[in-house]
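Novice: The structure's right below; bear with me while I get my questions together.
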Amino acid sequence: MAVSSVPPTLQAGKAPLLPPRRSFSPFASVWHFLAWLLLVGIAVLFLVPLLWMISTALKDPSELMRNNWIPQHLAWENFSYALSYGMWFRWTYNSIVITLFSVVGMVLSSAMVAYAFARLKWPGRDILFGVVLATMMMPGVVLMIPQFIIFARLPAFGFQGSQTWVNTFLPLIVPAFTGSAFYIFLLRQFMRGVPMELSESAKIDGASELRIFWNIVMPLSKPALATIAIFSFQGAWQDFMGPLIYLQSERLYTLQLGLRQFEFAAGGAPAWNWLMAVSLLVMLPVLVVFLAFQRYFIEGISITGMGGR
Amino acid sequence: MAVSTRDQAVKVAAAPEARRRFSRRRFNQALTGYLFALPWLIGFLVFTLWPMVYSLYTSFTRYNIIGEPRWIGLRNYRNIIFSDPSFLKALENTFWMVIVKTPIVIVAALTIAILLSLDLPGERGFRTIVYLPNVLSGVAAIFLWQWILAPNGLFNAGLELIGVRGPAWFTDPNWTKPGLVVMGTWWIGSQVLIYLASLKGIPKSLYEAAEIDGANGWAKTRYITLPMLSPTTFFLVVTSIIGTFQIFETAFIIAGAAGRDVALGGPSQSLLFYVFYLYNRAFGKVGAGGLQMGYASALAWILFVIILIVTLIQLWLARRWVHYETDGR
């Protein structure tokens, strides 16, 4: 019974049983063939922007206004030119630091809290879980201003050259260590599916709750942990509003702010080939993670849908 | 007989001790639970509950961060509702987006999901490609779309092929929001995947029964697929509307592109969405009405109430069109 609360897609990543495919033709009917053609068309449309970006990034300025796909001369030097304007290494380093800390904080704390809600009995648990669900409905905008005021008053004692938490990485990192309601919910659903007998027998063997959490439940929750790690990675890497509000000096900018700065610096007439070249580089890490861990992205989304039912 | 009495005697004697041990165990259990939940508890109190209370208080004050907040009662709310043309403009722009974008996203996502559910060759590849744009978001992707939707950019070149003269998307105030909708349909991957997951959950037996009754493809879609998907559709409509109400980043970057002043909210304020306006009021330049934390907090609470009302209306409407399986899950 407990196992059934885990969405089927998450169970050890097993593919659902497919009906045996007929051998003579991959299509059931002419309609299916037409549907397939339509899908091919849609797929092309979805890929065109990305391909256009790559094509633009490799063009000479003279070709920018012509809508040709393959540049006559592959201008790889666009990348190095673009990178020489702006503190790209600094910004990359900042993005990496912020992303790394937020992902680690988010995964660890969400997992701990989810464990408390999924596998421990304590007074007030169910009421507080209701509160967790309620906070998911709260639009972030309402909290944005008071949070800023709080951070503007917290002393940073000169950390990153600032007297308050504003204009440091802290407002972007520390809240991640308190978990996110959505990830807690997701992990709780998953952890409830790990058989209780495992915890009980470990307890008989004298294992502490912390040990059971770390050595038994965490390893068995890997698929769900991977999903939230990936989503929080994407969220932190691409966050724009947070850095925009909290980071004021250019040397603290993340890549997202840096990109905007780069566009600004061009004074209203950005060189699109350069802009596309750096944009491509900024996108690259997420793209690589996506291609490597596609399964977790896709499963994560499917669970989201189930959570909504 | 004697043995059992002695047993009882022992039990009675040990009872207080056992009870103490029992309550200590319960105490330890409770302590462990709270310790594990501690990160969230702290976060909830410090980053959610207190900010909410504080923000509500701030919304009744005049406060520019540097000085002390000054209580002015309902004046912020009165000014916003009765004498702030930018507020009305922001509201109008935001509702435009919600009303136009939501149905387009839902229909497009459903169509693609149904195509993907047909078990055609290359399904996995298609799924990946459709989801790919969701990975490519952030500022970089917004620049990409600005480039594609440039007056003589790729999109208009494509339109020319079918004999349509494309507009000057992000510089013509009438076309900025349609431009955002065009952009937005590139990012429907997660909606497609959510639809796909629930499409695969529809029991095949329903379709088989319908086929025996002689139902054609359209009848099956209309009377089985759509009703069975309606809880998912409801979820997607609600979340997409809440998301659209909070649109910020795209509009902010496009409005500030090409050296334009962000405070203007794009050509003729056509990109001034609600959260964008709120940002300008809270964090914008003082000369352009910025750094008014009290005013901006009142704006935030008005948005909260609007979202709440819209969601409640949807819940009420849902009784008419959302179909839940009676046996439950």
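The values are calculated or read from the model by the stated rules, or taken from the named source; none is laboratory data. Just so you know, these numbers come straight off a predicted model, no measurement behind them. Positions of Cβ are generated from backbone atoms using ideal geometry, with glycine treated the same way; all protein chains shown enter the neighbour counts.
Novice: Given the conditions (1) of a type in the set (A, V, I, L, M); (2) more than 11 Å from chain A (Cβ to nearest Cβ); (3) touching a residue at least 24 places away in the same chain (Cβ under 8 Å), report the number of the one that residue B:142 does not fulfil.
Specialist: (2)
Novice: On to the next question. Looking at segment A:116-138, can you tell me whether even one residue there is of a type in the set (Asp, Glu) and assigned to a loop (DSSP other than H, G, I, E, B)?
Specialist: Within segment A:116-138, the subset of a type in the set (Asp, Glu) is A:126.
Of the ones still in play, those that are also assigned to a loop (DSSP other than H, G, I, E, B) are none.
For segment A:116-138, residues of a type in the set (Asp, Glu) and assigned to a loop (DSSP other than H, G, I, E, B): absent.
Novice: Could you look through segment A:89-148, keep only residues that are of a type in the set (S, T, N, Q) and facing chain B (nearest Cβ under 7 Å), and pick out the one that is nearest to residue A:217 (Cα to Cα)? First the steps, then the outcome.
Specialist: Within segment A:89-148, the subset of a type in the set (S, T, N, Q) is A:92, A:94-95, A:99, A:102, A:109-110, A:135, A:147.
Filter again for facing chain B (nearest Cβ under 7 Å), leaving A:109, A:135, A:147.
Values: A:109: 14, A:135: 26, A:147: 34 Å.
It comes out as A:109.
Novice: On to the next question. In segment B:145-166, what residues are in a helix (DSSP H, G or I), more than 25 Å from residue A:258 (Cβ to Cβ) and either in contact with a strand residue (DSSP E or B) (Cβ under 7 Å, 6 or more places away or on another chain) or more than 8 Å from chain A (Cβ to nearest Cβ) (or both)?
Specialist: So the first thing to find is which residues in segment B:145-166 are in a helix (DSSP H, G or I), and the list is B:145-148, B:154-161.
Remaining after also requiring more than 25 Å from residue A:258 (Cβ to Cβ): B:154-161.
Selection gives B:155, B:156, B:158, B:159, B:160, B:161.
Novice: Please determine, by comparing only the residues of segment B:37-54 that are more than 21 Å from the chain's Cα centre (by Cα) and either more than 7 Å from chain A (Cβ to nearest Cβ) or in contact (Cβ under 8 Å) with a residue 12 or more places away in the chain (or both), which one is farthest from residue A:114 (Cα to Cα).
Specialist: Filtering first and then ranking leaves B:53.
Novice: Also, I was wondering about something else. Filter segment A:176-218 down to residues that are facing chain B (nearest Cβ under 10 Å) and among the small types (Gly, Ala, Ser) and give me whichever is surrounded by the fewest Cβ atoms within 10 Å (Cβ to Cβ).
Specialist: Going through the qualifying residues, I end up with A:208.
Novice: So which of B:153, B:163 ends up being over 23 Å from residue A:244 (Cβ atoms) and either among the polar types (S, T, N, Q) or surrounded by fewer than 16 Cβ atoms within 10 Å (Cβ to Cβ) (or both)?
Specialist: Details: B:153 fails: either among the polar types (S, T, N, Q) or surrounded by fewer than 16 Cβ atoms within 10 Å (Cβ to Cβ) (or both).
Exactly one residue qualifies, and that residue is B:163.
Novice: Further question: Filter segment B:240-299 down to residues that are of a type in the set (Asp, Glu) and either over 30 Å from residue B:195 (Cα atoms) or outside any helix (DSSP H, G or I) (or both), then give me how many there are.
Specialist: Within segment B:240-299, the first condition is being of a type in the set (Asp, Glu), and the residues that meet it are B:249, B:261.
Retained after the next criterion (residues that are either over 30 Å from residue B:195 (Cα atoms) or outside any helix (DSSP H, G or I) (or both)): B:261.
Number satisfying all stated conditions: 1.
Novice: Moving on to the next point. Could you tell me whether any residue of segment A:114-121 is buried (at least 17 other Cβ atoms within 10 Å of the Cβ), closer than 30 Å to residue B:282 by Cβ and either touching a residue at least 12 places away in the same chain (Cβ under 8 Å) or of a type in the set (Gly, Ala, Ser) (or both)? Show your work before the answer.
Specialist: Applying the first criterion (buried (at least 17 other Cβ atoms within 10 Å of the Cβ)) to segment A:114-121 yields A:114-120.
Checking the rest, the ones that are also closer than 30 Å to residue B:282 by Cβ come to none.
Looking for residues that are buried (at least 17 other Cβ atoms within 10 Å of the Cβ), closer than 30 Å to residue B:282 by Cβ and either touching a residue at least 12 places away in the same chain (Cβ under 8 Å) or of a type in the set (Gly, Ala, Ser) (or both), one finds none in segment A:114-121, hence no.
Novice: OK, next. Going through segment A:149-170 one residue at a time, which ones are closer than 24 Å to residue B:67 by Cβ, more than 8 Å from chain B (Cβ to nearest Cβ) and small (Gly, Ala, Ser)?
Specialist: Selection gives A:156, A:162.
Novice: Let me ask something additional. Just to be sure I understand the filter: pairs with C-beta atoms under 7 Å, separated by 6 or more residues or on different chains, first member in segment B:295-317 and more than 18 Å from residue B:247 (Cβ to Cβ), second member of a type in the set (Lys, Arg) and part of a helix (DSSP H, G or I). Which pairs pass?
Specialist: Note: pairs meeting the criteria are B:295/B:281.
Novice: With aliphatic (A, V, I, L, M) and surrounded by fewer than 18 Cβ atoms within 10 Å (Cβ to Cβ) as the only criterion, which of A:64, A:50 stands out?
Specialist: The match here is A:64.
Novice: For segment B:64-82, give me the residue count where each residue is under 29 Å from the mean Cα position of the chain (by Cα) and at pLDDT below 95.
Specialist: 0
Novice: Exactly one condition in (1) surrounded by 18 or more Cβ atoms within 10 Å (Cβ to Cβ); (2) part of a helix (DSSP H, G or I); (3) at pLDDT 90 or above is false for residue B:169; which is it?
Specialist: Unmet for residue B:169, out of (1) surrounded by 18 or more Cβ atoms within 10 Å (Cβ to Cβ); (2) part of a helix (DSSP H, G or I); (3) at pLDDT 90 or above: (2).
Novice: Can you name the residue in segment A:181-217 that is assigned to a loop (DSSP other than H, G, I, E, B) and in contact with a helix residue (DSSP H, G or I) (Cβ under 6 Å, 6 or more places away or on another chain) and, of all such residues, is nearest to residue A:121 (Cα to Cα)? Don't jump to the end; show me each part of the working.
Specialist: Within segment A:181-217, the first condition is being assigned to a loop (DSSP other than H, G, I, E, B), and the residues that meet it are A:192-195, A:205-208.
Add one more test, that the residue is in contact with a helix residue (DSSP H, G or I) (Cβ under 6 Å, 6 or more places away or on another chain), and what stays is A:192-194.
Details: A:192: 13, A:193: 16, A:194: 16 Å.
So the residue we want is A:192.
Novice: Evaluate segment A:56-78: report whether one residue or more is assigned to a helix (DSSP H, G or I), free of Cβ contacts under 8 Å to residues at least 40 places away in the same chain and either within 10 Å of another protein chain (Cβ to nearest Cβ) or under 30 Å from residue A:169 (Cα atoms) (or both).
Specialist: In the first step, residues of segment A:56-78 are kept if they are assigned to a helix (DSSP H, G or I); the result is A:56-57, A:61-63, A:77-78.
Now narrow it down to the ones that are free of Cβ contacts under 8 Å to residues at least 40 places away in the same chain: A:62-63, A:77.
Subsequent filtering for residues that are either within 10 Å of another protein chain (Cβ to nearest Cβ) or under 30 Å from residue A:169 (Cα atoms) (or both) retains none.
Scanning segment A:56-78 turns up no residue that is assigned to a helix (DSSP H, G or I), free of Cβ contacts under 8 Å to residues at least 40 places away in the same chain and either within 10 Å of another protein chain (Cβ to nearest Cβ) or under 30 Å from residue A:169 (Cα atoms) (or both).
Each row is one residue, and each column tells you yes or no for (1) surrounded by 18 or more Cβ atoms within 10 Å (Cβ to Cβ); (2) modelled with pLDDT of 90 or more.
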{"position": "B:297", "(1), (2)": "yes, yes"}
{"position": "B:300", "(1), (2)": "yes, yes"}
{"position": "B:305", "(1), (2)": "no, yes"}
{"position": "B:308", "(1), (2)": "no, yes"}
{"position": "B:311", "(1), (2)": "no, yes"}
{"position": "B:314", "(1), (2)": "no, yes"}
{"position": "B:317", "(1), (2)": "no, yes"}
{"position": "B:325", "(1), (2)": "no, no"}
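Novice: Right, something else. Within segment A:234-271, take every residue that is among the polar types (S, T, N, Q) and outside any loop (DSSP other than H, G, I, E, B) and give me the one that is surrounded by the most Cβ atoms within 10 Å (Cβ to Cβ).
Specialist: A:256
Novice: Could you give me the residue pairs with C-beta distances under 9 Å whose first residue belongs to segment A:286-309 and is facing another protein chain (nearest Cβ under 7 Å) and under 13 Å from residue B:192 (Cα atoms), whose second residue is at pLDDT below 75 and in a helix (DSSP H, G or I) wherever it lies, and which are 6+ apart or on separate chains?
Specialist: Qualifying pairs under 9 Å: A:298/A:9; A:302/A:9; A:302/A:10.
Novice: Could you please give the count of residues in segment A:140-180 that are among the hydrophobic types (A, V, I, L, M, F, W, C) and part of a loop (DSSP other than H, G, I, E, B)?
Specialist: Just the residues of segment A:140-180 that are among the hydrophobic types (A, V, I, L, M, F, W, C), to begin with: A:141-145, A:148-152, A:154, A:156-157, A:159, A:165-166, A:169-170, A:172-174, A:176-177.
With the extra rule that they be part of a loop (DSSP other than H, G, I, E, B), the set shrinks to A:154, A:156-157, A:165-166, A:169.
Result for segment A:140-180: 6.
Novice: Right, something else. Within segment B:151-160, can one find any residue that is of a type in the set (S, T, N, Q), in the same structural domain as residue B:318 (by TED's automatic domain parsing) and touching a residue at least 40 places away in the same chain (Cβ under 8 Å)?
Specialist: So in segment B:151-160, the residues of a type in the set (S, T, N, Q) come out as B:152, B:156.
If we keep only those that are in the same structural domain as residue B:318 (by TED's automatic domain parsing) too, we end up with B:152, B:156.
When the remaining residues are screened for being touching a residue at least 40 places away in the same chain (Cβ under 8 Å), the result is none.
No: zero hits.
Novice: Across segment B:185-225, what is the number of residues that are more than 13 Å from chain A (Cβ to nearest Cβ), small (Gly, Ala, Ser) and part of a helix (DSSP H, G or I)?
Specialist: The number of residues fulfilling the criteria is 4.
Novice: Here is a follow-up. Name the residue that is nearest to the other protein chains (Cβ to nearest Cβ), counting only residues in segment B:107-122 that are in contact with a helix residue (DSSP H, G or I) (Cβ under 6 Å, 6 or more places away or on another chain) and over 14 Å from residue B:199 (Cα atoms). Quick ask: steps written out before the conclusion?
Specialist: Of the residues in segment B:107-122, the ones in contact with a helix residue (DSSP H, G or I) (Cβ under 6 Å, 6 or more places away or on another chain) are B:108-110, B:112-113, B:115-118, B:120.
Among the residues that remain, those that are also over 14 Å from residue B:199 (Cα atoms) are: B:108, B:120.
On the way: B:108: 9, B:120: 5 Å.
Among them, the one singled out is B:120.
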